[in-house]
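K.L.:
Here it is: the structure, laid out below.
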Amino acid sequence: MTTLTQTTDDTAPDGGAGAAPRSTGSRATRVLGTVILVTAPIAAYLGLVTSDPDVVQGDAVRLFYVHVPVVSLMYLPVILCTVASIMWLRKRTDGWDALASSSAEVATIFVGLGLVTGALWGEITWGTYWTWDARLTSTALLFLLLLGYLALRRYPAEPAARSKVSAVVGILLVPNAILVHYSVSWWRSLHQDATRGLDTKMEGNQLTTYAVAQGVFVLILVWLSIHAFRVAWLSLQAERGDLDVAIAERMADDDATGGM
Amino acid sequence: MLADARLIAGKDLRIELRSKVGIGQMVPFAVLVLVLFGLALDPDRGVLTRATPGLYWIAVLFSALLAVQRSFAVESAPGVAEALRLSGIDPAGYFLGKFAAVAAQLVVLQLVLVAGVVVLYGADLAGPLLLVATAVAATVAIASAGTLYGVLAAGLRVRDTLVPLLLLPALAPVLLGATRASEAALDGGIGDGWGWCGLLATFGVLYVGFGLLFFGTLLEET
């Protein structure tokens, strides 16, 4: 008897749950990881050494090569979480559940990184870590929304009930983020002078450096997502596995006593 | 669906009327929050008067948390969920009923709180039409989102800790909208007040629609 649902999910590198892998790595992640290990130092060297200081921002521009790639990617896993939640409600398979859970984790990391690098950059260019700017405020609220979702995911409850509740909250992530974004930008447009736009005209090696950095962060996003997915998948299987073992033992007990 | 909604709302409100737990604890709590704000922000320096709309809506939000948790706590006794499921009540009707009961309690609460800010903070109620419209739209928004997140907690048998973390960030646009609209009304100038009111209404419609759609999923047996 088994309650395992075998699913084939295109995002699952190794698909099935049959033989539990010993690590969360796969061939894809090992290749990706190696490429990242090679390219990340290159990007760091380009950003820290060869790239020219900006005319306006001086050396502060080097943060740009981290902050902008992170921020440009951070909405992707959020959207993925909502899509996976919708798909889970339709299909009810572990793959979508694990995808929703893992992309929320990756999203939290990216949004958190975006906030931290943004605050550092703000301190250097604006002279303050935090300002109630529309973008900062709505990103902070998105971070809190994600923390709530992760807290729900970690809540010790019956797995099936938790998946269902998480799916509904996951579906609400994107609509909530949109509502927050619009209300906050409207609020700030009333109270603050024009957003401090940055002249992002890049030239020469700045553009090259940015392109390399962006590429590296895309790889990191994919690498992290695959690992997180496999962790989520394995922990789902582990929860089910424990239950199966417990039920089997209990039934064996019953058989033993019933046979007497 | 509407008949079911009326049944559920009637049941919840009857429980509250008889037990007086909601009114006996939620309203004093809200007033307490108003008094605490007064202590924290020295009333003589004019901060209170300027911050009245924001403080008022924060008091409403915190009290709404209590109302939502109470609304599902009365159904947490063993067997109640099963009995509700067996009764064949339409999930959408169930959502509407819980929502209406929470909204009704919030209306009562706000009547007391408005009196509170007038007396304690010396608020001058200008622009009554915009104020009432804001209060209605914000109540619908808070009650619908609260009911939706409240049933999640009930489904997981969560005790009181998770709902605020999930609900409050989601209600941030409501706090913003309600505060700005009330500010506009109290300042006498209407300004963007009706626009913010529209945002509140949109939020409420979205959450009511979402609740009608997904409540069945949340209630089903796992």
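K.L.:
Below 8 Å, C-alpha to C-alpha, sequence gap of six or more: please give me the relative contact order for the stretch B:1-160 in percent. Spell out each step's value before the answer.
P.N.:
Working: 132 pairs, mean separation 60.6, N = 160.
Here the relative contact order equals 38 percent.
K.L.:
With the other protein chains left in place, how much accessible area per residue, in square angstrom, belongs to the protein assembly as shown at a 1.4 angstrom probe?
P.N.:
I get 47 Å² per residue for this part.
K.L.:
Next up: Do the sum for chain B: with -39,500 (n - 2.57) for every DSSP H run of n ≥ 4, divided by all residues, what is the mean residue ellipticity at 222 nm, to the nearest 500 deg cm²/dmol?
P.N.:
Calculated mean residue ellipticity at 222 nm is -27500 deg cm²/dmol.
K.L.:
Rounded to the nearest 10 Å², what accessible area does A:SER72 show when all protein chains are kept and the probe is 1.4 Å?
P.N.:
About 60 Å², rounded to the nearest 10.
K.L.:
Taking beta carbons within 10 Å but only from partner chains, what does the mean come to for residues A:162-172?
P.N.:
6
K.L.:
Not counting ligands, DNA or RNA, and with a 1.4 Å probe, what is A:MET251's accessible surface area in Å² rounded to the nearest 10?
P.N.:
Surface open to solvent at A:MET251 totals about 100 Å².
K.L.:
Take the Cα gyration tensor of the protein assembly as shown, multiply each eigenvalue by 5, square-root it, and list the three semi-axes largest first, rounded to whole angstrom.
P.N.:
Here the semi-axes work out to 41, 38, 16 Å.
K.L.:
Counting Lys and Arg as +1 and Asp and Glu as -1, each charge on the Cβ, what is the dipole of the stretch B:2-219 about the Cα centre in debye, to the nearest 20? Don't skip to the end; give the middle numbers.
P.N.:
On the way: 13 positive and 13 negative charges, 105 e Å.
Here the size comes out at about 500 debye.
K.L.:
Using all alpha carbons of chain B, what is the percent of pairwise distances in each 5 Å bin, ordered from the shortest bin to the longest?
P.N.:
1, 7, 15, 19, 19, 15, 11, 7, 4, 2, 1, 0
K.L.:
Which listed residue (A:ILE79, A:MET251, B:ALA64) has the Cα farthest towards the positive end of the charge dipole for the protein assembly as shown, taking +1 on Lys and Arg C-beta and -1 on Asp and Glu C-beta about the Cα centre?
P.N.:
B:ALA64
K.L.:
If you don't mind, another one. How large a share of the accessible area of chain B, in percent, is made up of carbon and sulfur atoms when the probe is 1.4 Å and the other protein chains stay in place? List each step's numbers first, then the result.
P.N.:
Details: 6660 of 9540 Å².
So the carbon and sulfur contribution to the accessible surface is 70 percent.
K.L.:
Using θ = phi - 60° and the Karplus curve 6.51 cos²θ - 1.76 cosθ + 1.60, what whole-Hz ³J(HN,Hα) does each residue of the stretch A:158-169 get, with Gly and Pro shown as x?
P.N.:
Each residue's phi maps through the Karplus curve to give 4, x, 5, 5, 5, 4, 5, 5, 4, 4, 5, 5 Hz.
K.L.:
What list of ³J(HN,Hα) couplings, whole Hz, do you get for the stretch A:31-41 from phi and the Karplus terms 6.51, -1.76, 1.60, once you set θ to phi - 60° and write x for glycine and proline?
P.N.:
Whole-Hz 3J(HN,Hα) from phi for the stretch A:31-41: 4, 4, x, 5, 4, 5, 4, 7, 7, 4, x.
K.L.:
Tell me, what HN-Hα J-couplings in whole Hz come from the Karplus equation 6.51 cos²θ - 1.76 cosθ + 1.60 at θ = phi - 60° for each residue of the stretch A:99-107, using x for Gly and Pro?
P.N.:
Per-residue couplings from phi come out as 5, 4, 4, 6, 5, 5, 5, 4, 4 Hz.
K.L.:
Follow-up question, since we're still on this one. With the convex hull built on the Cα atoms of the stretch A:87-174, state its orientation-averaged projected area in nm². Write down the numbers at each step before the final one.
P.N.:
Details: hull surface 24.0 nm².
Mean shadow area of the hull around the Cα atoms is 6.0 nm².
K.L.:
For chain B, list the DSSP H helices whose alpha carbon atoms reach 27 Å or more along the long axis and whose average Kyte-Doolittle value is 1.0 or above?
P.N.:
Helices passing the filter in chain B: B:47-73, B:91-121, B:128-156, B:193-219.
K.L.:
Using unit Cβ charges (K, R positive; D, E negative) and no other charged atoms, how large, in debye to the nearest 20, is the dipole of the stretch A:105-192 about its Cα centre?
P.N.:
Details: 6 positive and 4 negative charges, 48 e Å.
For this selection, approximately 240 debye.
K.L.:
How far apart, in nm, are two points set 7 Å out from the Cα along the Cα-to-Cβ line at B:ALA3 and at A:LEU219?
P.N.:
Between B:ALA3 and A:LEU219, the simple spin-label model gives 6.6 nm.
K.L.:
How far apart, in nm, are the 7 Å Cα→Cβ label points at A:LEU207 and B:ASP187?
P.N.:
If labels sit at A:LEU207 and B:ASP187, their model points lie 4.5 nm apart.
K.L.:
May I ask you to rank A:TRP132, A:TRP233 by accessible area, largest first, using a 1.4 Å probe over the protein chains only? It would help to have the intermediate numbers written out before the result.
P.N.:
On the way: A:TRP132 140, A:TRP233 20 Å².
The ordering from most to least exposed comes out as A:TRP132, A:TRP233.
K.L.:
Return the distance in nm (one decimal) between the two label points of a simple spin-label model at A:ASP253 and A:THR128, each offset 7 Å from Cα along Cα→Cβ.
P.N.:
For A:ASP253 paired with A:THR128, the spin-label model returns 6.3 nm.
K.L.:
Can you give the accessible area of A:ASP52 in Å² (nearest 10), computed on protein heavy atoms with a 1.4 Å probe?
P.N.:
80
K.L.:
From largest accessible area down, sort A:TYR182, A:TYR149; use a 1.4 Å probe on the protein chains.
P.N.:
A:TYR182, A:TYR149
K.L.:
Give the average, rounded to an integer, of partner chain Cβ atoms located within 10 angstrom of each Cβ in B:172-179.
P.N.:
Counting other chains' Cβ atoms within 10 Å and averaging over B:172-179 gives 5.
K.L.:
Okay, next question. Chains B and A: how much accessible area gets covered up at their contact, both sides added, probe 1.4 Å, in Å² to the nearest hundred?
P.N.:
2800
The values are calculated or read from the model by the stated rules, or taken from the named source; none is laboratory data. Keep in mind that what you see is a predicted model, and the values were worked out from it rather than measured. Neighbour counts run over all protein chains shown; Cβ positions are idealised from the backbone, glycine included. In case anyone asks, the SASA skips ligands and DNA or RNA and just uses the protein heavy atoms, side chains included. Shrake-Rupley method; radii C 1.70, N 1.55, O 1.52, S 1.80 Å.
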